[in-house]
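The values are calculated or read from the model by the stated rules, or taken from the named source; none is laboratory data. Since we're looking at a predicted model, the values are computed, not measured. Reconstructed Cβ throughout: ideal geometry from the backbone, glycine too, with neighbour counts over all protein chains shown. Only protein heavy atoms, including side chains, enter the accessible area calculation; ligands, DNA and RNA are left aside. Shrake-Rupley method; radii C 1.70, N 1.55, O 1.52, S 1.80 Å.
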Amino acid sequence: MHQRHPGLESLARQKKALCCLGTTRISADAWGVGGYSDAPMDPIRLSSTDRLLAVADHALRALTSTPQAARPKPAPSRPGTPLDDAERRRAGALMRVNHVGEVCAQALYSAQALATADPALRRQFERAAGEETDHLAWTAERLAELGARQSLLNPLWYAGAFGIGLLAARAGDATSLGFLIETERQVERHLEGHLDRLPVGDQESRAIVAQMKTDEATHAMAAEHAGGTRLAAPFRWAMRAAAKVMTTTAHYV
Ligand SMILES: [Fe+2]
Ligand SMILES: [Fe+2]
(Lines give C-alpha, C1' and ligand atoms only; values in the text may rest on other atoms or scores of the structure.)
(Ligands and ions follow the chains in the order given, each with its own letter.)
Protein backbone atom coordinates (compact mmCIF):
# COMPACT_ATOMS: atom_id res chain seq x y z
CA MET A 1 0.00 0.00 0.00
CA HIS A 2 1.22 3.47 -0.85
CA GLN A 3 2.24 5.61 2.13
CA ARG A 4 3.06 9.32 1.92
CA HIS A 5 6.29 10.44 3.47
CA PRO A 6 5.53 12.39 6.69
CA GLY A 7 7.86 15.21 5.58
CA LEU A 8 6.07 15.58 2.26
CA GLU A 9 2.70 15.51 4.00
CA SER A 10 3.81 18.29 6.34
CA LEU A 11 5.11 20.31 3.41
CA ALA A 12 1.83 19.89 1.55
CA ARG A 13 -0.14 21.03 4.59
CA GLN A 14 2.06 24.08 5.09
CA LYS A 15 1.67 24.94 1.43
CA LYS A 16 -2.09 24.63 1.84
CA ALA A 17 -1.97 26.92 4.87
CA LEU A 18 -0.15 29.57 2.88
CA CYS A 19 -2.23 29.13 -0.24
CA CYS A 20 -4.95 31.45 0.96
CA LEU A 21 -4.67 34.11 -1.71
CA GLY A 22 -7.87 32.85 -3.28
CA THR A 23 -9.89 33.32 -0.13
CA THR A 24 -10.75 36.48 1.69
CA ARG A 25 -11.29 35.28 5.20
CA ILE A 26 -8.13 34.89 7.24
CA SER A 27 -7.09 31.30 7.60
CA ALA A 28 -6.22 30.42 11.18
CA ASP A 29 -3.88 27.77 9.83
CA ALA A 30 -1.86 30.50 8.20
CA TRP A 31 -0.82 31.68 11.63
CA GLY A 32 0.46 28.26 12.53
CA VAL A 33 -2.29 26.98 14.77
CA GLY A 34 -5.23 24.76 14.15
CA GLY A 35 -8.17 27.14 13.89
CA TYR A 36 -10.59 29.31 15.76
CA SER A 37 -11.57 26.46 18.07
CA ASP A 38 -10.46 26.57 21.69
CA ALA A 39 -9.00 23.12 21.22
CA PRO A 40 -6.90 23.23 18.07
CA MET A 41 -6.09 19.87 16.60
CA ASP A 42 -2.86 18.89 14.98
CA PRO A 43 -1.26 22.35 14.78
CA ILE A 44 0.87 23.28 11.80
CA ARG A 45 4.32 24.64 12.64
CA LEU A 46 5.34 27.47 10.34
CA SER A 47 8.67 29.20 10.16
CA SER A 48 9.09 32.94 10.75
CA THR A 49 9.31 33.47 7.00
CA ASP A 50 6.07 31.53 6.47
CA ARG A 51 4.34 33.70 9.06
CA LEU A 52 5.62 36.91 7.49
CA LEU A 53 4.30 35.72 4.12
CA ALA A 54 0.96 34.95 5.73
CA VAL A 55 0.91 38.44 7.28
CA ALA A 56 1.64 40.02 3.89
CA ASP A 57 -1.06 37.87 2.32
CA HIS A 58 -3.52 38.93 5.00
CA ALA A 59 -2.73 42.61 4.41
CA LEU A 60 -3.20 42.27 0.67
CA ARG A 61 -6.53 40.53 1.11
CA ALA A 62 -7.75 43.07 3.67
CA LEU A 63 -6.90 45.92 1.31
CA THR A 64 -7.67 44.58 -2.13
CA SER A 65 -10.27 41.82 -2.05
CA THR A 66 -13.93 41.61 -1.14
CA PRO A 67 -14.12 40.38 2.45
CA GLN A 68 -16.46 37.51 3.25
CA ALA A 69 -18.41 37.53 6.49
CA ALA A 70 -19.07 34.32 8.41
CA ARG A 71 -22.21 35.83 9.89
CA PRO A 72 -25.04 37.40 7.90
CA LYS A 73 -25.20 41.18 7.84
CA PRO A 74 -27.30 42.33 10.83
CA ALA A 75 -30.88 42.97 9.80
CA PRO A 76 -32.71 46.10 10.98
CA SER A 77 -35.33 45.53 13.69
CA ARG A 78 -37.66 47.92 11.91
CA PRO A 79 -37.86 49.20 8.35
CA GLY A 80 -35.96 52.35 7.49
CA THR A 81 -37.14 55.29 5.42
CA PRO A 82 -35.72 56.52 2.09
CA LEU A 83 -32.68 58.77 2.58
CA ASP A 84 -32.35 62.13 0.87
CA ASP A 85 -29.02 63.08 -0.72
CA ALA A 86 -27.64 64.82 2.35
CA GLU A 87 -28.57 61.91 4.63
CA ARG A 88 -27.04 59.43 2.21
CA ARG A 89 -23.78 61.42 2.09
CA ARG A 90 -23.67 61.68 5.90
CA ALA A 91 -24.33 57.96 6.34
CA GLY A 92 -21.68 57.17 3.69
CA ALA A 93 -19.07 59.32 5.44
CA LEU A 94 -19.78 57.72 8.83
CA MET A 95 -19.70 54.20 7.43
CA ARG A 96 -16.42 55.01 5.64
CA VAL A 97 -14.95 55.95 9.01
CA ASN A 98 -16.24 52.68 10.46
CA HIS A 99 -14.79 50.73 7.54
CA VAL A 100 -11.38 52.36 8.15
CA GLY A 101 -11.66 51.33 11.79
CA GLU A 102 -12.13 47.74 10.67
CA VAL A 103 -9.16 47.95 8.28
CA CYS A 104 -7.11 49.07 11.29
CA ALA A 105 -8.55 46.24 13.41
CA GLN A 106 -7.37 43.72 10.79
CA ALA A 107 -3.88 45.19 10.99
CA LEU A 108 -3.78 45.36 14.78
CA TYR A 109 -4.89 41.78 15.33
CA SER A 110 -2.61 40.56 12.55
CA ALA A 111 0.41 42.25 14.18
CA GLN A 112 -0.44 41.00 17.62
CA ALA A 113 -1.10 37.43 16.50
CA LEU A 114 2.26 37.54 14.74
CA ALA A 115 4.14 38.87 17.74
CA THR A 116 2.81 36.81 20.63
CA ALA A 117 4.57 33.61 21.61
CA ASP A 118 1.51 32.34 23.49
CA PRO A 119 -0.55 29.95 21.30
CA ALA A 120 -3.72 30.42 23.40
CA LEU A 121 -3.45 34.17 23.09
CA ARG A 122 -2.84 33.87 19.38
CA ARG A 123 -6.04 31.85 19.06
CA GLN A 124 -7.91 34.55 20.97
CA PHE A 125 -6.58 37.21 18.58
CA GLU A 126 -7.63 35.08 15.63
CA ARG A 127 -11.13 34.58 17.00
CA ALA A 128 -11.54 38.32 17.43
CA ALA A 129 -10.00 38.92 14.00
CA GLY A 130 -12.69 36.65 12.51
CA GLU A 131 -15.40 38.90 13.91
CA GLU A 132 -13.49 41.95 12.71
CA THR A 133 -13.59 40.40 9.23
CA ASP A 134 -17.38 40.29 9.54
CA HIS A 135 -17.34 43.99 10.43
CA LEU A 136 -15.07 44.73 7.49
CA ALA A 137 -17.40 42.88 5.11
CA TRP A 138 -20.59 44.47 6.51
CA THR A 139 -19.25 48.03 6.39
CA ALA A 140 -17.83 47.50 2.88
CA GLU A 141 -21.19 46.18 1.69
CA ARG A 142 -23.11 49.03 3.31
CA LEU A 143 -20.74 51.60 1.79
CA ALA A 144 -21.47 50.16 -1.65
CA GLU A 145 -25.22 50.21 -0.98
CA LEU A 146 -24.98 53.88 -0.01
CA GLY A 147 -23.00 54.66 -3.15
CA ALA A 148 -20.04 55.80 -1.04
CA ARG A 149 -16.41 54.85 -1.55
CA GLN A 150 -13.86 53.39 0.80
CA SER A 151 -11.06 55.58 2.14
CA LEU A 152 -8.32 56.26 -0.39
CA LEU A 153 -5.83 56.07 2.45
CA ASN A 154 -6.61 52.49 3.53
CA PRO A 155 -3.05 51.23 2.83
CA LEU A 156 -1.71 54.02 5.02
CA TRP A 157 -4.18 53.25 7.83
CA TYR A 158 -3.33 49.56 7.64
CA ALA A 159 0.43 50.16 7.73
CA GLY A 160 0.14 52.58 10.64
CA ALA A 161 -2.09 50.30 12.69
CA PHE A 162 0.14 47.31 11.97
CA GLY A 163 3.20 49.21 13.19
CA ILE A 164 1.45 50.38 16.34
CA GLY A 165 0.13 46.86 17.00
CA LEU A 166 3.61 45.45 16.62
CA LEU A 167 5.07 48.04 19.02
CA ALA A 168 2.39 47.24 21.59
CA ALA A 169 3.00 43.53 21.20
CA ARG A 170 6.75 44.01 21.70
CA ALA A 171 6.02 45.45 25.14
CA GLY A 172 4.70 42.04 26.25
CA ASP A 173 1.36 40.26 26.24
CA ALA A 174 -0.14 42.16 29.20
CA THR A 175 0.56 45.52 27.56
CA SER A 176 -0.52 44.23 24.17
CA LEU A 177 -3.83 43.12 25.68
CA GLY A 178 -4.11 46.44 27.53
CA PHE A 179 -3.69 48.22 24.22
CA LEU A 180 -6.46 46.09 22.75
CA ILE A 181 -8.77 46.81 25.68
CA GLU A 182 -8.28 50.55 25.26
CA THR A 183 -8.70 50.32 21.47
CA GLU A 184 -11.91 48.30 21.69
CA ARG A 185 -13.34 50.58 24.39
CA GLN A 186 -12.59 53.66 22.31
CA VAL A 187 -14.18 52.05 19.24
CA GLU A 188 -17.22 51.12 21.31
CA ARG A 189 -17.69 54.75 22.43
CA HIS A 190 -17.10 55.95 18.90
CA LEU A 191 -19.81 53.60 17.56
CA GLU A 192 -22.16 54.78 20.27
CA GLY A 193 -21.61 58.31 18.93
CA HIS A 194 -22.40 57.13 15.41
CA LEU A 195 -25.72 55.72 16.57
CA ASP A 196 -26.58 59.31 17.51
CA ARG A 197 -25.30 60.78 14.25
CA LEU A 198 -26.57 58.32 11.63
CA PRO A 199 -29.82 59.35 9.95
CA VAL A 200 -32.80 57.92 11.83
CA GLY A 201 -34.12 56.45 8.59
CA ASP A 202 -30.90 54.52 7.94
CA GLN A 203 -31.86 51.45 9.90
CA GLU A 204 -29.56 49.26 7.78
CA SER A 205 -26.41 51.09 8.91
CA ARG A 206 -27.70 51.35 12.46
CA ALA A 207 -28.19 47.58 12.72
CA ILE A 208 -24.59 47.00 11.58
CA VAL A 209 -23.13 49.60 13.95
CA ALA A 210 -25.15 48.22 16.89
CA GLN A 211 -23.87 44.68 16.32
CA MET A 212 -20.30 45.93 15.91
CA LYS A 213 -20.57 47.82 19.17
CA THR A 214 -21.68 44.63 20.96
CA ASP A 215 -18.82 42.66 19.42
CA GLU A 216 -16.18 45.28 20.32
CA ALA A 217 -17.34 45.20 23.95
CA THR A 218 -16.94 41.42 23.90
CA HIS A 219 -13.42 41.74 22.49
CA ALA A 220 -12.49 44.21 25.25
CA MET A 221 -13.85 41.87 27.94
CA ALA A 222 -12.00 38.89 26.47
CA ALA A 223 -8.74 40.88 26.53
CA GLU A 224 -9.43 41.86 30.15
CA HIS A 225 -10.02 38.25 31.15
CA ALA A 226 -6.83 37.24 29.36
CA GLY A 227 -4.82 39.49 31.69
CA GLY A 228 -4.60 42.84 29.92
CA THR A 229 -3.38 45.72 32.05
CA ARG A 230 -4.75 49.25 31.89
CA LEU A 231 -2.47 51.54 29.92
CA ALA A 232 -1.03 54.66 31.54
CA ALA A 233 -3.04 57.84 30.94
CA PRO A 234 -0.57 59.46 28.47
CA PHE A 235 -0.81 56.40 26.20
CA ARG A 236 -4.60 56.49 26.33
CA TRP A 237 -4.57 60.20 25.48
CA ALA A 238 -2.16 59.62 22.60
CA MET A 239 -4.38 56.83 21.27
CA ARG A 240 -7.42 59.11 21.45
CA ALA A 241 -5.55 61.84 19.58
CA ALA A 242 -4.42 59.40 16.88
CA ALA A 243 -7.98 58.05 16.55
CA LYS A 244 -9.28 61.59 16.20
CA VAL A 245 -6.90 62.27 13.30
CA MET A 246 -7.94 59.03 11.63
CA THR A 247 -11.71 59.48 12.03
CA THR A 248 -11.65 63.14 10.97
CA THR A 249 -9.57 62.40 7.86
CA ALA A 250 -11.51 59.29 6.88
CA HIS A 251 -14.77 61.23 7.06
CA TYR A 252 -13.67 63.02 3.89
CA VAL A 253 -10.85 61.02 2.25
FE1 LIG B 1 -14.67 45.74 14.63
FE1 LIG C 1 -13.03 44.49 18.03
Local electrostatic count, Gly101, Cβ distance below 15 Å [Lys/Arg +1, Asp/Glu -1]: -2
1.4 Å probe accessible area per residue over the range 142-225, in Å²: 44 Å²
Low-density loop positions, trypsin sites (Lys or Arg not before Pro), the range 76-153 - DSSP coil, at most 13 other Cβ in 10 Å: Arg149
Inter-label distance, nm, simple model (7 Å from Cα along the C-beta direction), Ala117/Trp237: 3.5 nm
Intensity falloff of the range 117-253 expressed as log10 I(q)/I(0), Debye formula with alpha-carbon point scatterers, at q = 0.14, 0.16, 0.20, 0.21 Å⁻¹: -0.70, -0.93, -1.41, -1.52
P(r) of the range 190-253 over all Cα-Cα pairs, binned every 5 Å from zero, in whole percent: 4, 14, 15, 20, 24, 14, 7, 3, 0
Burial order of peptide ranges 240-252, 170-182, 193-205, 97-109 (average beta-carbon count within 10 Å, highest first): 97-109, 170-182, 193-205, 240-252
Total formal charge among the other residues, if their Cβ is under 14 angstrom from that of Ala161, Lys/Arg +1 and Asp/Glu -1: -4
Net charge of Cβ neighbours under 13 Å - reference Thr248; Lys, Arg +1; Asp, Glu -1: +3
Alpha carbon centroid spacing (whole Å) that separates the range 239-253 from the range 104-174: 16 Å
The range 225-237 - phi-based ³J(HN,Hα) in whole Hz, Karplus 6.51/-1.76/1.60, Gly and Pro as x: 5, 7, x, x, 9, 5, 6, 5, 3, x, 5, 5, 5
Label-point gap, in nm, between Tyr252 and Thr214 - each point 7 angstrom along Cα→Cβ: 3.6 nm
Heavy-atom accessible area ranking, 1.4 Å probe, most first, across Phe125, Phe235: Phe235, Phe125
